[in-house]
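The block underneath contains the structure these notes are about, expressed in structure tokens.
The values are calculated or read from the model by the stated rules, or taken from the named source; none is laboratory data. In this text the structure is predicted, and so the values were computed from the model without any measurement. With ideal geometry, Cβ positions are generated from the backbone for all residues, glycine too; neighbour counts draw on all protein chains shown.
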Ligand SMILES: [Zn+2]
């Protein structure tokens, strides 16, 4: 039985039997790994609070190579990222980032770029930057890392370079980028954003991480998030659970503020 080690983030978990947990990690060295943490739900578990969602730690596991589930030996906390769990909005946005990773990566398919991006985004969330912006900056870089960058320089159907008309731009999200108004009509519709939003997308892609998580975007921010959600839902094949959770959170906080 091989002993393996890697830095890892807790990205999912559920109960197994009376006292065990199955925990999903996104690891730097192995990609997504699922393992059994024996007796993790006992009051005095040796795992303590290490298996809380978003926790970054050093994972040691045994892999017998016969099943998809590994045996978790140790998980030592490096950064608990507790702030991501003490506020509904921050929790929802962090859960959305983690869901993007768990649902669009395969087991045992390492991607050091995605791992580094997730850790950086969780660190920025912890530092108290606006959660929705951190998630947007994460999501745009994430789809790029997976090779799904939307084209913005020309119509993906006919190649025309005029993609902004009457101040708006259309996207064929499943087709991979912008469409001109004629092709949008032929498609029977497109995902429409303001011309300024297209500019904001280009700025965010060029920006450093610090700029991308702070530069003012105005109404383009909501439009970009909706575009990103449409793209990610299309890649998954259904809408994300955490986006539904976030809609509930914003509805509740709106009603609470009236
Ligand atoms: Zn066209």
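Things worth noting here:
Residue-wise test of (1) without any contact (Cβ under 8 Å) to a residue 24 or more places away in the chain; (2) in a loop (DSSP other than H, G, I, E, B).
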| residue | (1), (2) |
| --- | --- |
| 3 | no, no |
| 10 | no, no |
| 39 | yes, yes |
| 43 | yes, yes |
| 51 | no, yes |
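- Selection status of residue 167, in the same structural domain as residue 202 (by TED's automatic domain parsing), more than 26 Å from residue 246 (Cα to Cα) and modelled with pLDDT under 95: yes
- Residues (in a strand (DSSP E or B), more than 21 Å from the chain's Cα centre (by Cα), under 18 Å from residue 140 (Cα atoms) and within 12 Å of the ligand (Cβ to nearest atom)) located in segment 172-201: 172, 178
- Selection status of residue 208, over 24 Å from residue 155 (Cβ atoms) and modelled with pLDDT under 95: no
- Only residues that are in a loop (DSSP other than H, G, I, E, B) and under 13 Å from residue 2 (Cβ atoms) were counted across segment 53-67, and they come to 3.
A quick yes/no check of all residues on (1) within 19 Å of residue 53 (Cα to Cα); (2) outside any helix (DSSP H, G or I); (3) modelled with pLDDT of 95 or more:
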{"residue": "83", "(1), (2), (3)": "yes, no, no"}
{"residue": "97", "(1), (2), (3)": "yes, no, yes"}
{"residue": "103", "(1), (2), (3)": "yes, no, yes"}
{"residue": "114", "(1), (2), (3)": "yes, no, yes"}
{"residue": "121", "(1), (2), (3)": "yes, no, yes"}
{"residue": "134", "(1), (2), (3)": "yes, no, yes"}
{"residue": "141", "(1), (2), (3)": "no, no, yes"}
{"residue": "154", "(1), (2), (3)": "no, yes, yes"}
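- Given (1) buried (at least 16 other Cβ atoms within 10 Å of the Cβ); (2) in a strand (DSSP E or B); (3) at pLDDT 95 or above, index of the condition residue 76 fails: (1)
- The selection criterion, being touching a helix residue (DSSP H, G or I) at 6+ places or on another chain (Cβ under 6 Å) and not in a loop (DSSP other than H, G, I, E, B), holds for residue 246.
- Matching residues in segment 142-168 - criterion: being over 21 Å from the mean Cα position of the chain (by Cα) and within 12 Å of the ligand (Cβ to nearest atom): 154, 155, 156, 157, 158, 159, 160, 161, 162, 163, 165
- Residue match in segment 98-107 (condition: outside the structural domain of residue 234 (by TED's automatic domain parsing) and more than 17 Å from the chain's Cα centre (by Cα)): no
- Criterion applied to 165, 250, 242, 208 was being under 16 Å from residue 136 (Cα atoms) and loosely packed, with under 15 Cβ neighbours inside 10 Å, and the one residue passing it is 208.
- Close pairs from segment 155-181: first free of Cβ contacts under 8 Å to residues at least 12 places away in the same chain, partner near the ligand (Cβ under 10 Å from one of its atoms) and assigned to a loop (DSSP other than H, G, I, E, B), Cβ under 8 Å, at least 6 apart: 161/154; 161/155
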